[in-house]
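K.L.:
My questions will all concern the structure given below.
Read-outs: derived from the displayed coordinates by stated rules, not from any lab. Everything numeric here is computed off the predicted structure, so don't read it as measured data. Counting neighbours? That spans all protein chains shown, and the Cβs are built from the backbone with ideal geometry, glycine included.
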Ligand SMILES: Cc1cc2nc3c(=O)[nH]c(=O)nc-3n(C[C@H](O)[C@H](O)[C@H](O)COP(=O)(O)OP(=O)(O)OC[C@H]3O[C@@H](n4cnc5c(N)ncnc54)[C@H](O)[C@@H]3O)c2cc1C
């Protein structure tokens, strides 16, 4: 069977790309190496949705990320999978919502299928190969989208890319998120400063090996459960299988170290239990695939409004130190937003291929801002619509009329 579009990677950007093309009646296949959709938001227990709003003229928060992202929020809420704060979500419900959506739009989803090869002819990608329980299978399509987060499809097709920061290719640290239950949350918050001071003292004394400067926690949908985004694995390459494996094990040591420290020394944690660490360590950054435009820190900080914008963003620069302690942050003006140009998803080598999600064309610094779930959702949705337009007239993805893309995005309440 020949698909109109194959999307590699079923994270938030890949699912949205698939839905956006399928709702225009395109025949779409998503291949995904895990057994569910949602990517990091599920697999790496990433939570909550980072800032997706800015203030309007009357000072009220209004969404800057629209389209499918807001539809997914509504569905999460309908099913009791979203807290009143509208950012903390239940990833179990997210899995179900994404299954429902892909079923409604008749999208073929192939789980447990790892992308291992790509076929190309001239300036077109023609097929992909995936390894799964059935063996090595080949799937063909007219257009392809890489939503693997790591740019695996682009890499296998020989596309130019860079990794991490320019000077030494170091990426932001990897983090394994985890959760503790049975916490007296009020007592914890009252004693935060005292707990932090002891944590830092233990770091200085070498009793805590985690280099993160503080303990980063978030609210969880379940009362008495605290979500931790606080382990930090530095100077390991997420694209090297051995280093990635070592990172998983080192991160689990950090999980247990922090849990043990809190249980023993922190008010509110005496009766706590380690109920879950993420099935997979979270990779913030790896390959960024060279596109027709490279997004820079200046674009983000100056809140540039591109004519070919496909998403807005209100989340600022947020670089967890690739070397150890510290986090560099630059906040976006509360009333403003930046935009992401379509050209950052358009590939230089292949005319029927887009890259979306966290691995589009940008610098290390800029990536630290747009990599969040709401923006990756928008990028995926725009990529799916762009392919649909290209298919209609058999155009190269770089040749589509941006005004037509914007009109199509208007139909689905996308913001750009
Ligand atoms: C530790 C950490 C904390 C974060 N905190 C937040 C936060 O609080 N809020 C927020 O909004 N964002 C946060 N982010 C960022 C955000 O989670 C991700 O950048 C975003 O979800 C990326 O979406 P994506 O669809 O581009 O990629 P992903 O979610 O990574 O999806 C890629 C998908 O492709 C699949 N895949 C990869 N390679 C292959 C292959 N070869 N074959 C088949 N399938 C493949 C993967 O299994 C995955 O499902 C955080 C990220 C990390 C790592």
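K.L.:
One quarter of the convex hull surface, Cα atoms only: what value does that give for the range 89-158 in nm²?
P.N.:
For the range 89-158, averaging the hull's shadow over all directions gives 6.0 nm².
K.L.:
For a quick check, take a GNM of the chain with Cα springs below 10 Å and name the residue from 102, 120, 88 with the largest mean-square fluctuation.
P.N.:
Residue with maximal mean-square fluctuation among 102, 120, 88: 120.
K.L.:
Ok, one more. Based on the Cβ-Cβ distance from residue 256 to residue 162, what FRET efficiency comes out when R0 is 25 Å, to the nearest 0.05?
P.N.:
Here the calculated transfer efficiency is 0.10.
K.L.:
Now a separate question. Show me 74-80, 375-381 ranked by packing, highest mean number of other Cβ atoms within 10 Å first.
P.N.:
Result, highest mean Cβ count within 10 Å first: 375-381, 74-80.
K.L.:
Now a separate question. Please report the antiparallel percentage of DSSP beta bridges with both residues in the chain, rounded to the nearest 5.
P.N.:
70
K.L.:
For the chain, modelled as a GNM with alpha-carbon contacts under 10 angstrom, which of 345, 50, 385 fluctuates the most?
P.N.:
50
K.L.:
Evaluate the Debye formula for the chain with equal point scatterers sitting on the alpha carbons, no solvent, and hand back log10 of I(q)/I(0) at q = 0.12, 0.13 Å⁻¹, in q order, two decimals.
P.N.:
Calculated log10 I(q)/I(0) at the listed q: -0.95, -1.11.
K.L.:
Along the Cα-to-Cβ line of residue 201, 7 Å from the Cα, sits a label point; which residues in the range 219-259 have backbone N less than 20 Å from it?
P.N.:
257-259
K.L.:
Can you tell me which of 277-283, 66-72 comes out highest on packing, and rank the rest after it, using the mean Cβ neighbours within 10 Å?
P.N.:
Packing order, densest peptide first, comes out as 66-72, 277-283.
K.L.:
For the range 18-175, what is the percent of antiparallel DSSP beta bridges, rounded to the nearest 5?
P.N.:
About 85 percent, rounded to the nearest 5.
K.L.:
Based on DSSP H runs of at least 4 residues, each adding -39500 (n - 2.57), what is the mean residue ellipticity at 222 nm of the chain after dividing by all its residues, to the nearest 500 deg cm²/dmol?
P.N.:
So the calculated ellipticity at 222 nm is -9500 deg cm²/dmol.
K.L.:
What spacing in nm lies between the two simple spin-label points modelled at residue 191 and residue 394, each 7 Å away from Cα in the Cβ direction?
P.N.:
The modelled label-to-label distance comes out at 7.1 nm.
K.L.:
Under a 10 Å cutoff between Cα atoms, tell me which one of 360, 295, 402 has the largest fluctuation in the Gaussian network model of the chain.
P.N.:
Taking springs between Cα atoms under 10 Å, the residue moving most is 402.
K.L.:
Using alpha carbons only, how many degrees (0 to 90, rounded to 10) separate the axis of helix 68-78 from the longest principal axis of the chain?
P.N.:
Approximately 50 degrees, to the nearest ten.
K.L.:
So in the range 240-354, what percent of DSSP beta bridges are antiparallel if you round to the nearest 5?
P.N.:
Antiparallel bridges: around 100 percent, rounded to the nearest 5.
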